[in-house]
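Peer 1: There's a structure below that I have some questions on.
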């Protein structure tokens with residue numbers, strides 16, 4: 001697959017693996033992020049991704065113990081140097097409610113819908129994630145990419 005140059009939204013699992021060497025798939029994700037950056041692709045996250053990043057790193061995970069708050073805050077504060085950050089605007093909320101009205105979602109799936117709503121509000125058509133199945137319901141609206149697809 002040849003990646004079009006443009007904008008790619010990065011899911012929390014991508015940002016986590018890109019940030020911490022000890023998390024499985026770090027090298028694969030770093031390579032994909034590097035390739036996208038070198039190709040001139042704008043990499044995006046949102047305030048939601050920053051919150052999720054902090055939440056994951058401050059609770060026990062299968063891949064790491066909780067990190068000290070000071071470490072998590074340092075990592076979180078550095079994210080805007082690597083990614084453009086989308087704000088949660090009224091347009092994002094409108095897009096979210098429209099998605100929820102047309103695509104069945106509930107519970108934690110609303111968080112995924114909010115990512116897609118943010119992408120739509122900011123005109124971002126591609127999502128880089130390790131959880132493609134979570135976003136399958138949105139594929140009529142966005143392209144879902146895995147790191148290995150970026151490198152093809």
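Just so it is clear, none of the values below were taken in a lab; they were calculated from the coordinates. This one's a predicted model, so the numbers in the text were calculated from it and none came from an experiment. Positions of Cβ are generated from backbone atoms using ideal geometry, with glycine treated the same way; all protein chains shown enter the neighbour counts.
Peer 1: Please compute the length gained on full extension between residue 73 and residue 37, using 0.36 nm multiplied by the number of residues separating them and subtracting their Cα-Cα distance. Can you show the working numbers first?
Peer 2: Details: separation 36, 0.36 × 36 = 12.96 nm, distance 2.39 nm.
Difference between extended and current length: 10.6 nm.
Peer 1: Label region 17-98 by shape, choosing from rounded, prolate and oblate, from the square roots a ≥ b ≥ c of the eigenvalues of the Cα gyration tensor; if a/c is under 1.5 it is rounded, and otherwise prolate applies when a/b is larger than b/c, oblate when it is not.
Peer 2: Oblate, since a/c reaches 1.5 and b/c is not below a/b.
Peer 1: GNM, the chain, Cα, under 10 Å: largest mean-square fluctuation among 140, 68, 24?
Peer 2: Highest fluctuation of the listed residues: 140.
Peer 1: Need one number: % antiparallel among DSSP beta bridges in region 7-150, to the nearest 5. All intermediate terms of the calculation are to be shown ahead of the outcome.
Peer 2: Values: 0 of 11 bridges.
Of those bridges, close to 0 percent are antiparallel.
Peer 1: Using percent of Cα pairs over 25 Å apart as the read-out, say which of [x] 45; [y] 37; [z] 26 was calculated from these coordinates.
Peer 2: Among [x] 45; [y] 37; [z] 26, the one derived from this structure is [z].
Peer 1: In addition: By counting other Cβ atoms within 10 Å of each Cβ, how are 93, 118 ranked from fewest to most?
Peer 2: Fewest-to-most Cβ neighbours within 10 Å comes out as 93, 118.
Peer 1: How do 105, 10 line up, fewest other C-beta atoms within 10 Å first? Walk me through the intermediate numbers first.
Peer 2: Details: 105 18, 10 28.
Ordered by Cβ neighbours within 10 Å, fewest first: 105, 10.
Peer 1: Let me ask another. Counting other C-beta atoms within 10 Å, which of 45, 103 has the fewest, and how do the rest follow?
Peer 2: In order of increasing Cβ crowding within 10 Å: 103, 45.
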